[in-house]
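Asks: Let me give you the structure first, and then I'll get to my questions.
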Amino acid sequence: APWQVLDQALGNGDGKVTMEDWKQAGLPEAHFRYFDKDRDKQLNVHECSSWWMQRKPARTMNLSEVDDPPVGHLKRLGSHKPPLPSEDLVYQKPYPHPREFWNKHMDGYLPANLKGAQVGWPAMNWTRE
């Protein structure tokens, strides 16, 4: 088990994985604080397993974003930047030429709102009968 490796093979064998065990194993202190999710100054079985699964990429792990995450991290999708202006994205009849629409919205990855596009469709007049 990962906690046994950290405690018994690399640490002092006292049954707990602490910062002393971590240092004795030659691992960075900042990584211990990162994996100690409940901040109790020792790694439980789950935290040790998390480290074990990430031990190879953890060697080169950049922890600069832990205390200063990127804009929008753990926020609503799209909150990393202001919303797009919607004046040019809403269309009413007559709609733009298909080539112009394709170039702007498909090639440009922009959303579009086609107001009233369903008017006149047979599917809009159905009944249960």
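Asks: Taking all protein chains together and a probe of 1.4 Å, list Met19, Met53, Met124 from the most accessible to the least accessible. All intermediate terms of the calculation are to be shown ahead of the outcome.
Replies: On the way: Met19 35, Met53 150, Met124 110 Å².
Largest accessible area first, the list is Met53, Met124, Met19.
Asks: Classify the stretch 55-129: rounded, prolate or oblate, from the alpha-carbon gyration tensor (a ≥ b ≥ c, eigenvalue square roots; a/c under 1.5 rounded; otherwise prolate if a/b is larger than b/c)? Display every interim value, and only then the final one.
Replies: On the way: a/c = 3.24, a/b = 2.36, b/c = 1.37.
It is prolate, given that a/c is not under 1.5 and a/b is the larger ratio.
Asks: Another one. D for the stretch 34-90, whole µm²/s, Stokes-Einstein with Kirkwood Rh over alpha-carbon pairs at 37 °C and 0.692 mPa s: what number? Don't jump to the answer; show the numbers that get you there.
Replies: On the way: Rh = 14.7 Å.
Translational diffusion coefficient: 223 µm²/s.
Asks: Within the stretch 8-69, report the trypsin sites (Lys or Arg not before Pro) that DSSP leaves as loop and that have at most 14 other Cβ atoms within 10 Å. Can you show the working numbers first?
Replies: On the way: sites: Lys16, Lys23, Arg33, Lys37, Arg39, Lys41, Arg55, Arg59; in loops: Lys16, Lys37, Arg39, Lys41, Arg59.
The qualifying sites are Lys37, Arg39, Lys41, Arg59.
Asks: State the Cα centre-to-centre distance between the stretch 1-34 and the stretch 41-59 in whole Å.
Replies: 10 Å
Asks: Leaving ligands, DNA and RNA out of it, report the carbon-plus-sulfur percent of the accessible area of the stretch 47-129 at a 1.4 Å probe. It would help to have the intermediate numbers written out before the result.
Replies: On the way: 4330 of 7590 Å².
Taking all protein chains in place, the stretch 47-129 shows 57 percent carbon and sulfur surface.
Asks: Please give the residues of the stretch 112-129, grouped as numeric ranges, whose backbone N is less than 19 Å from a label point set 7 Å along the Cα-to-Cβ vector of Leu89.
Replies: Only 112-117 fall inside the zone, counting backbone N under 19 Å.
Asks: Counting pairwise Cα distances across the stretch 86-125, what percent come out greater than 17 angstrom?
Replies: Numbers: 275 of 780 pairs.
Summing the P(r) tail past 17 Å for the stretch 86-125 gives 35 percent.
Asks: Rank these residues by their accessible area, most exposed first, probe 1.4 Å: Glu87, Glu29, Glu129.
Replies: Numbers: Glu87 140, Glu29 80, Glu129 200 Å².
Sorted by accessible area, descending: Glu129, Glu87, Glu29.
Asks: Taking only protein heavy atoms into account and a 1.4 Å probe, give the accessible area per residue of the chain in Å². Don't jump to the answer; show the numbers that get you there.
Replies: Values: 10400 Å² over 129 residues.
Here the per-residue accessible area is 81 Å².
Asks: If I ignore ligands, DNA and RNA and count only protein heavy atoms, how much of Asp38 is accessible to a 1.4 Å probe, in Å² to the nearest 10?
Replies: 80 Å²
Asks: Go through Leu114, Leu84 and list them by solvent-accessible area, largest first, probe radius 1.4 Å. List each step's numbers first, then the result.
Replies: Values: Leu114 75, Leu84 95 Å².
Descending order: Leu84, Leu114.
Asks: The stretch 63-129: which chymotrypsin sites (Phe, Trp or Tyr not before Pro) are DSSP loop and have at most 14 other beta-carbon atoms within 10 angstrom? Show your work: numbers first, answer last.
Replies: Working: sites: Tyr91, Phe101, Trp102, Tyr109, Trp126; in loops: Tyr109, Trp126.
Answer in residue order: Tyr109, Trp126.
Asks: Once you sort the root eigenvalues of the Cα gyration tensor of the stretch 1-76 as a ≥ b ≥ c, which label holds: rounded (a/c under 1.5), prolate (a/b larger than b/c) or oblate (the other case)?
Replies: On the way: a/c = 2.24, a/b = 2.01, b/c = 1.12.
Judged from the Cα gyration tensor, the stretch 1-76 comes out prolate (a/c at least 1.5, a/b above b/c).
Asks: Report, largest value first, the span of the C-alpha coordinates of the stretch 1-128 along each principal axis, in whole Å.
Replies: 77, 40, 23
The values are calculated or read from the model by the stated rules, or taken from the named source; none is laboratory data. This is a predicted model, so every value here is computed, not measured. Don't worry about glycine lacking a Cβ; one is built from the backbone with ideal geometry, like all the others, and counts go over all protein chains shown. Accessible surface areas use protein heavy atoms only, side chains included; no ligands, DNA or RNA. Shrake-Rupley method; radii C 1.70, N 1.55, O 1.52, S 1.80 Å.
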